[in-house]
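Inspection log for the structure reproduced underneath, given as structure tokens.
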Amino acid sequence: MDFDAHFKSRLETLKAEGNYRVFADLERRCGNFPRADNHKNGARRDVTVWCSNDYLGMGQHPDVVNAMVEAVQSCGTGAGGTRNIGGTNHHHILLEAELADLHGKEAALLFTSGYVSNWAALSTLGSGIPHAVILSDEKNHASMIEGIRHSRADKVVWRHNDWRDLDRKLHAVGDRPKIVAFESVYSMDGDISPIREIVEVCEAHGALSYIDEVHAVGMYGPRGGGVTEREGLADRIDLIEGTLGKAYGCVGGYITGSAALVDFVRSFASGFIFTTALPPAVAAAATASIKHLKASQAERLAQRDRVARLRARLTAEGIPHLENDSHIIPVMIGDPVKCRMISDILMDDWGVYVQPINYPTVPKGTERLRITPGPLHTDADIDHLVTALTSLWRQCALARAVA
Ligand code: PLP
């Protein structure tokens, strides 16, 4: 086989569909969030980032940066091994205690990313509980879908956020161990699931509840414990999964739950056992970030204010965006080529960076710009973004009228 010819032809198809991914070459500037340098054709220019998942700018918070620098100086760079073979550092232990406390659970377990935590935990639960069935919300993240697939357990998909459909499907499964997997904040539409109703259905059927709070930890709840904390439901969920890579500004993932559940995953998950532990400095920085957001409301409040302001401005200018109760503002384009083009123009002409979101991250025909305002975007930044989008929308309308 001519392997390269095969690879090139598949890539050509992707390009023809407008779904080929091009990464922006950025250099974030610590202390100047949300600005970054964009490197292009040998030059560098200042841009404002509008699509970061470092939602609160914690990746540049002095407490977090200092914690990381101090831990590098005291412990060095890498962990030096898997958790079992020399890689467990005191900073991991402190972070796991911090996470268990954040969600009011007996125990927590760290992974190298949120993706790996979902993949490892779901595959271990699905394969390690005899005759288990996993009921998965139809819009669950790829990491959950892959974990379920890898478990080889039977899978039943229920309609997005539809707890009545879940109830019917749990009934149909009958007397087998059931795991219900869903998210709190869905990252592409920004909608929030009806957690209370889902939990009640799980309880009625004796199902194990598994929630992904990746886009909610640090962001919701009085201590940043996510939507489950805000709604007072954390103690009714069996497993809460989260990331350290978004609102906490670091990298890594975790699960929290009962001591027995967490120890079970720790003891049987290949995605935990056979990989080098997170660098101690990352654990120290994440601990500092979580501690800060447990005590401080300032970042969450400022962010909410920015989100509300941008939404109101977009509505006033007639820029189509999905309404939801979260911090994510999807501006709908509905065409991959236009989406890429608008993103390029925003970057090149306006110094505004918003990555286009195309298939397979979202279904074809729902391509969008996913805007995530942060606490440090100023009124002037918002005005500039809205002016840029309004100008582009007018040009598109004009082009349609002429055609
Ligand atoms: N779960 C959801 C819902 C996500 O959107 C993501 C990533 O965006 C992940 C898990 C993976 O988390 P991480 O980026 O920490 O790997």
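Each value in this text was obtained by applying a stated rule to the coordinates, not by laboratory testing. Everything quoted here is computed from the prediction, not taken from an experiment. Positions of Cβ are backbone-derived with ideal geometry, glycine not excepted, and every protein chain shown enters the neighbour counts.
Rundown of residues vs (1) of a type in the set (Val, Ile, Thr); (2) assigned to a loop (DSSP other than H, G, I, E, B), yes/no style:
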site: Lys155; (1), (2): no, no
site: Cys202; (1), (2): no, no
site: Ile211; (1), (2): yes, no
site: Tyr220; (1), (2): no, yes
Just to verify a result, which residue in region 227-246, among those that are more than 15 Å from Ser113 (Cβ to Cβ) and of a type in the set (A, V, I, L, M), is surrounded by the fewest Cβ atoms within 10 Å (Cβ to Cβ)? Leu233
In region 125-153, what residues are assigned to a helix (DSSP H, G or I) and either within 16 Å of the ligand (Cβ to nearest atom) or not polar (S, T, N, Q) (or both)? Leu125, Gly126, Gly128, Ala142, Ser143, Met144, Ile145, Glu146, Gly147, Ile148, Arg149, His150
As an exercise: evaluate Gly206 against (1) within 10 Å of the ligand (Cβ to nearest atom); (2) on the phi > 0 side of the Ramachandran plot and give the number of the one condition it does not meet. (1)
Kindly indicate the residue of region 227-260 that is in a helix (DSSP H, G or I) and in contact (Cβ under 8 Å) with a residue 24 or more places away in the chain and also farthest from the ligand (Cβ to nearest atom) among those meeting that condition. Ala259
Failed criterion for Asp263 (all others in (1) within 15 Å of the ligand (Cβ to nearest atom); (2) in a helix (DSSP H, G or I) hold): (1)
Members of region 246-263 found to be farther than 11 Å from Asn53 by Cα and in contact with a helix residue (DSSP H, G or I) (Cβ under 7 Å, 6 or more places away or on another chain), listed by number: Val251, Gly252, Gly253, Tyr254, Ile255, Thr256
Here is a check on your reading of the model: is Ser143 closer than 30 Å to Ile357 by Cα and touching a Phe, Trp or Tyr at 6+ places or on another chain (Cβ under 6 Å)? yes
